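First up is the structure itself, then whatever we jot down about it.
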Amino acid sequence: MRHWTVALWVAGLVLAFVLGSTWKQLLSPGRSRSGMQRALDVALREPDSRLRVEQLGQLLGILTPENLPGAIDALEANRDLIDEPELRMVSSSWARMDAPGAFARVRDEWPQRAARRIVLSEITYDWALRDPASAVQAVSTIPDGDGALQEMVERKLVEGWAKTVEFRSATDYVASLPQQSAIRQGLTTVIAQERLKAGGPQALIDWAESVREDAPQNYRLVAFRKASRMLAQVDPQAAAAWLEKHYGTPYTDGVTRIVATQWAESDPKAAFNWLLARPDDDERFQAVGFAFSDWLQRDPQKAGEWLRESTPGPVLDPALGAYARNLRIKAPQEALVWAQRIHDEKLRGEAITEVGRDWYRRDPEAARLWLAEANLPAEMVTAIETPRGPLRRPPGLGQTPSDGLEPGPNARMPASRRAAGFAGGGKGVPDAAEP
């Protein structure tokens, strides 16, 4: 057995020597165009991922303008056979040598395949790190028709740009995009994440506060909402303090519910202690509903226990509505008890009507017995007994408000219809402009 072990060890050394010698033979002439093409072709086809990356790194380390055409030939011969990391490695080196030429060649000559998107986005990212203005001009030349390509390339443009000292120009670029554009939302997230990674919470705050008050389409509000969400995820108390500093300004609209909902994910009791001590206004009213709905979805037992132990009051109306909604399928009678505790008369009536109607459609006999003893107004009884649309599950709870420009569907409603109790399904503020 010992002899076999020694023999295998010796064989391994010999094989390593042979492979190493072969690779050195390829690497040495790799400084020429043809040599680079052959060596890169071998490296890209190496089955061992560790060796493949190592060999690529060595070859790209000796890349020059003279042997770059050979590297391009090898890349194009293998582009549909190799994995994304290798595509990005070679593309990045190509961009450092000749970003304009690389971008134009891939844009105009490569077929409409996944490799084209990956390589163009990597070229754009590397170019934006060094010369964002030129990269922006290049991105604007991508023809219409490939939305996935445009979105991927634009995202990599902003990712690279946001890492530079010109990140405020990247912010202006994103602010100028159409207000209803989904990519505007995503790119705002990219910039905010980069600022947070670059300098922590204070850098994130500084970025949001640096957005001009006259930025296009209320973009300062978008930045504040996005920053408050990220800040609340890492340091909710700092997010609350930042909100206090700017509270009452146009660009903190909706921020109370964003902070409360994010804080409630890590420490719901602390979040509600803060929230219930805030001014009694629309912002707090909606935040209570959003935060409690989210908590109820994640941990219904603890959320219910907290509500049972809390001091009754109008401030809890949105939570009471959300709790009644949560119970109406499995325990409609208990749901009605909770709905009756809502202080606001109109919201209470809507809650009772919605729970009662749902119960009536699922179990009309039991619901009729309840109605006979409930002593409800005639119009409410009629509403409960009147079918309205197809039967469906209740709207999802815990729909987190996000960072958009327009408030959710309940924001401008009177107190009796606002928040995440029973008005409009409790949808929140989207990430950018859409209501």
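The values are calculated or read from the model by the stated rules, or taken from the named source; none is laboratory data. Not measured: the values here are computed from a predicted model. Methodologically, a virtual Cβ is constructed for each residue, glycine included, from the backbone with ideal geometry; neighbour enumeration extends over all protein chains shown.
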Could you grab me the full set of residues in segment 161-175 that are touching a Leu at 6+ places or on another chain (Cβ under 9 Å) and surrounded by fewer than 24 Cβ atoms within 10 Å (Cβ to Cβ)?
163, 164, 173
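Counting just the residues of segment 202-249 that are small (Gly, Ala, Ser) and at pLDDT below 95, which one comes out nearest to residue 290 (Cα to Cα)?
So the residue we want is 248.
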Test each condition in (1) surrounded by fewer than 21 Cβ atoms within 10 Å (Cβ to Cβ); (2) under 29 Å from residue 360 (Cβ atoms) for residue 318 and report the one that comes out false.
(1)
Output the residue which, of all residues in segment 149-182 that are assigned to a helix (DSSP H, G or I) and among the acidic types (Asp, Glu), is nearest to residue 121 (Cα to Cα).
154
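Matching residues to (1) of a type in the set (D, E, K, R); (2) at pLDDT 90 or above; (3) surrounded by 22 or more Cβ atoms within 10 Å (Cβ to Cβ); (4) touching a helix residue (DSSP H, G or I) at 6+ places or on another chain (Cβ under 8 Å):
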site	(1), (2), (3), (4)
341	yes, yes, no, yes
382	no, yes, no, no
390	no, no, no, no
399	no, no, no, yes
Inspect all residues belonging to segment 263-282 and state whether any of them is at pLDDT 95 or above and within 30 Å of residue 357 (Cα to Cα).
no
Among the numbered criteria (1) in a helix (DSSP H, G or I); (2) at pLDDT below 95; (3) surrounded by fewer than 19 Cβ atoms within 10 Å (Cβ to Cβ), which one does residue 185 miss?
(3)
Any pair with Cβ under 6 angstrom, 6 or more apart, that starts in segment 149-165 at a residue that is over 15 Å from residue 207 (Cα atoms) and ends at one that is at pLDDT below 95 and not in a helix (DSSP H, G or I):
150/142
Subset of segment 357-382 [small (Gly, Ala, Ser) and either touching an Asp or Glu at 6+ places or on another chain (Cβ under 9 Å) or in a loop (DSSP other than H, G, I, E, B) (or both)]:
367
Turns out the helices (runs of 4 or more DSSP H) fully within segment 236-328 with at least 2 residues that are over 14 Å from residue 338 (Cβ atoms) and touching a residue at least 40 places away in the same chain (Cβ under 8 Å) are 255-266, 282-298
